[in-house]
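The values are calculated or read from the model by the stated rules, or taken from the named source; none is laboratory data. Keep in mind the model is a prediction, meaning the values are calculated, not measured. All Cβ positions, glycine included, derive from the backbone under ideal geometry; neighbour counts span all protein chains shown. Please note that ligands, DNA and RNA were not included when accessible areas were found on the heavy atoms of the full protein model with its side chains. Shrake-Rupley method; radii C 1.70, N 1.55, O 1.52, S 1.80 Å.
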Amino acid sequence: MARPFKQGLQYFPLDVNIFEDEKIQDLNLAFGIMGEMVFIRLLTMIYSNGYYLEKTISSLAKSLVKSIGANWAPRTSDIEEIVVYCGEVGLFD
């Protein structure tokens with residue numbers, strides 16, 4: 001029996017020096033470890049879908065709060081701010 005087709009990637013490479021990247025360091029300075037967590041979770045969401053993700057920022061923030069957990073994640077408005085920041089500094093197109 002053939003393996004079922006799955007959309008997106010099974011895994012993606014993550015550089016071991018990701019936290020030495022200036023953009024990631026700026027993200028950490030602005031939002032702390034939650035900024036890094038949101039960025040990495042976003043990468044997994046994007047790559048599990050393929051190479052892009054088409055969602056509104058508010059629905060994306062709600063998905064991230066569910067993914068991270070309401071006890072750990074700040075308000076959805078804070079997550080939205082992190083997502084917008086990632087786009088502004090060039091982490092996402």
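General remarks:
- Members of region 13-64 that are in contact with an Asp or Glu (Cβ under 7 Å, 6 or more places away or on another chain) and either of a type in the set (D, E, K, R) or open to solvent by less than 30 Å² (accessible area, probe 1.4 Å) (or both): I24, L27, A61
- Contacts under 8 angstrom Cβ, first residue in region 70-93 being within 15 Å of L42 (Cα to Cα), partner in a loop (DSSP other than H, G, I, E, B), 6 or more apart: I79/A73; C86/F92; G87/D93
- Residues in region 1-45 that are β-branched (V, I, T) and closer than 14 Å to G87 by Cα: I24, V38, I40.
- Near pairs, Cβ below 6 angstrom, 6+ apart or cross-chain, from region 6-20 (hydrophobic (A, V, I, L, M, F, W, C)) to any residue that is open to solvent by 100 Å² or more (accessible area, probe 1.4 Å): none
- Scan region 68-77 for residues that are part of a helix (DSSP H, G or I) and either among the basic types (K, R) or open to solvent by 40 Å² or more (accessible area, probe 1.4 Å) (or both) and the total you get is 2.
- Of all the residues in region 53-67, those that are farther than 16 Å from I33 by Cβ, in a helix (DSSP H, G or I) and of a type outside the set (A, V, I, L, M) number 5.
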